[in-house]
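Enquirer: Below is a structure I'd like to ask you about.
The values are calculated or read from the model by the stated rules, or taken from the named source; none is laboratory data. Note that the coordinates shown come from a computational prediction; the quantities given were computed from them, not determined experimentally. Here the Cβ positions follow ideal geometry from the backbone for every residue, glycine too, while neighbour counts run over all protein chains shown.
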Amino acid sequence: MKNLSIPPIVDTYLQDTQGGRFSQNETYRVCDDVYGAGFSKCYLKILEQCQARAYVITAIYQSQQLWGLLAVYQNDAP
């Protein structure tokens with residue numbers, strides 16, 4: 001069996017921005033095609049490591065405070 005381990009992905013955007021747009025009460029984000037969304041090359045590189053082609057992210061709030069994010073990705077390969 002092949003070892004298909006992926007190196008850790010370092011992305012500090014949410015920590016650096018205190019939750020980004022989700023800290024401003026945005027409840028979800030949908031991306032139908034990562035290549036047509038106008039993302040930066042750096043962000044596309046992260047998505048490509050996960051083989052992500054589309055995704056939905058929803059915020060989880062506890063008492064008006066951002067607690068976490070739940071993401072579902074559509075991949076171009078298993």
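Enquirer: When residues of the range 40-75 are filtered for being more than 25 Å from Pro7 (Cα to Cα) and in contact with a helix residue (DSSP H, G or I) (Cβ under 8 Å, 6 or more places away or on another chain), how many remain?
Expert: Counting residues in the range 40-75 that are more than 25 Å from Pro7 (Cα to Cα) and in contact with a helix residue (DSSP H, G or I) (Cβ under 8 Å, 6 or more places away or on another chain) gives 2.
Enquirer: Let me ask you something else. For the range 20-39, how many residues are at pLDDT below 90, of a type in the set (Phe, Trp, Tyr) and either over 16 Å from Ala71 (Cβ atoms) or exposed (fewer than 12 other Cβ atoms within 10 Å of the Cβ) (or both)?
Expert: Going through the range 20-39 one residue at a time, the tally reaches 1.
Enquirer: Does Tyr61 meet the test of being of a type outside the set (S, T, N, Q) and under 14 Å from Gly19 (Cα atoms)?
Expert: Working: of a type outside the set (S, T, N, Q): yes; under 14 Å from Gly19 (Cα atoms): yes.
Answer is yes for this residue.
Enquirer: Which residue is nearest to Asp33 (Cα to Cα), if the candidates are limited to the range 62-78 and must be surrounded by 14 or more Cβ atoms within 10 Å (Cβ to Cβ) and at pLDDT below 90?
Expert: If we take residues in the range 62-78 being surrounded by 14 or more Cβ atoms within 10 Å (Cβ to Cβ) and at pLDDT below 90, then Leu69 is nearest to Asp33 (Cα to Cα).
Enquirer: With the structure loaded, tell me whether Ala37 is more than 20 Å from Val10 (Cα to Cα) and either touching a helix residue (DSSP H, G or I) at 6+ places or on another chain (Cβ under 8 Å) or of a type in the set (Phe, Trp, Tyr) (or both) or whether it fails that test.
Expert: Taking the combined requirement at face value, the residue does not satisfy it.
Enquirer: Can you name the residue in the range 49-71 that is hydroxyl-bearing (Ser, Thr, Tyr) and assigned to a strand (DSSP E or B) and, of all such residues, is nearest to Tyr28 (Cα to Cα)?
Expert: Just the residues of the range 49-71 that are hydroxyl-bearing (Ser, Thr, Tyr), to begin with: 55, 58, 61, 63.
Next, from what is left, pick out any that are assigned to a strand (DSSP E or B): 55, 58, 61.
Details: Tyr55: 11, Thr58: 4, Tyr61: 11 Å.
Among those residues, the one meeting the criterion is Thr58.
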